[in-house]
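Trainee: Once you've had a glance at the structure underneath, I'll fire off some questions.
The values are calculated or read from the model by the stated rules, or taken from the named source; none is laboratory data. It should be emphasised that the depicted structure is a prediction, and the values quoted were computed from it without experimental measurement. Using ideal geometry, Cβ is built from the backbone for each residue, glycine included, and neighbour counts are taken over all protein chains shown.
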Amino acid sequence: MKSQTLNLFIIDDDPIVTMGLRHYLTQRFGSEVNISTFLTGKSALEKVTTETNMVILDYTLKGENGNDILKSIKSISPGTEVVMLSSNTDMEVAINSFRNGASDYVVKGQKSWKKISSLVFKAITYPVRIMVQEFGINKYIAMFLLTFAAMGIGVFFALKFVN
């Protein structure tokens with residue numbers, strides 16, 4: 001039930017986490033996800049646009065505050081889903097993240113990458129779910145319609161720019 005390519009940023013100051021999570025999600029989703037990794041919030045903010053669908057953001061970055069980065073992402077692109085990834089289990093920290101616009105808060109641990117994978121899957125299949133839930137369309141018909149529409153748009157732009 002895949003329907004769109006997701007532009008995903010991973011921001012964590014630990015290169016082992018960023019590369020490991022990138023590899024895990026690439027193995028799981030392949031070309032359905034375009035993944036960019038950043039070791040600082042500042043470098044990621046330079047690249048965030050309204051085309052950025054999802055950000056996995058470490059709450060504790062060296063010399064940076066995760067909630068400040070979260071607020072900046074939301075001011076640049078209010079529609080971007082931001083998932084806070086943290087080893088901090090303090091409920092107040094999680095609540096503040098939600099207040100600042102986080103769509104989820106995942107505590108680092110044994111099952112955190114599975115949880116993130118589940119959130120990414122939900123984001124990828126969102127258009128199909130909406131068509132099924134709101135319009136009562138069979139999921140296979142919804143996938144066909146979305147594929148047909150994407151191909152039509154691709155042909156339109158190809159014809160427009162080839163001439």
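Trainee: Would you please name the residue that is surrounded by the most Cβ atoms within 10 Å (Cβ to Cβ), looking only at residues in segment 34-48 that are in a helix (DSSP H, G or I) and either modelled with pLDDT under 90 or of a type in the set (G, A, S) (or both)?
Mentor: Taking the candidates together, the pick is G41.
Trainee: Give the residue that is surrounded by the most Cβ atoms within 10 Å (Cβ to Cβ), with candidates limited to residues of segment 111-121 that are modelled with pLDDT of 80 or more and closer than 20 Å to N88 by Cβ.
Mentor: Here the residue is I116.
Trainee: Does T5 satisfy being touching an Asp or Glu at 6+ places or on another chain (Cβ under 8 Å), under 20 Å from K122 (Cα atoms) and surrounded by fewer than 20 Cβ atoms within 10 Å (Cβ to Cβ)?
Mentor: yes
Trainee: Let me ask you something else. Would you pick out the residues in segment 65-103 that are within 17 Å of L6 (Cβ to Cβ) and touching a Lys or Arg at 6+ places or on another chain (Cβ under 8 Å)?
Mentor: T80, V82, L85
Trainee: Please determine whether any residue of segment 96-106 is surrounded by fewer than 17 Cβ atoms within 10 Å (Cβ to Cβ), outside any strand (DSSP E or B), assigned by TED's automatic domain parsing to the domain that holds T26 and out of contact with any strand residue (DSSP E or B) (no Cβ under 9 Å at 6 or more places or on another chain).
Mentor: yes
Trainee: Can you tell me how many residues in segment 79-95 are surrounded by fewer than 19 Cβ atoms within 10 Å (Cβ to Cβ), of a type in the set (D, E, K, R) and not in a loop (DSSP other than H, G, I, E, B)?
Mentor: The total comes to 1.
Trainee: Identify, please: which residue in segment 8-33 is at pLDDT 90 or above and part of a strand (DSSP E or B) and is, among those, surrounded by the most Cβ atoms within 10 Å (Cβ to Cβ)?
Mentor: I11
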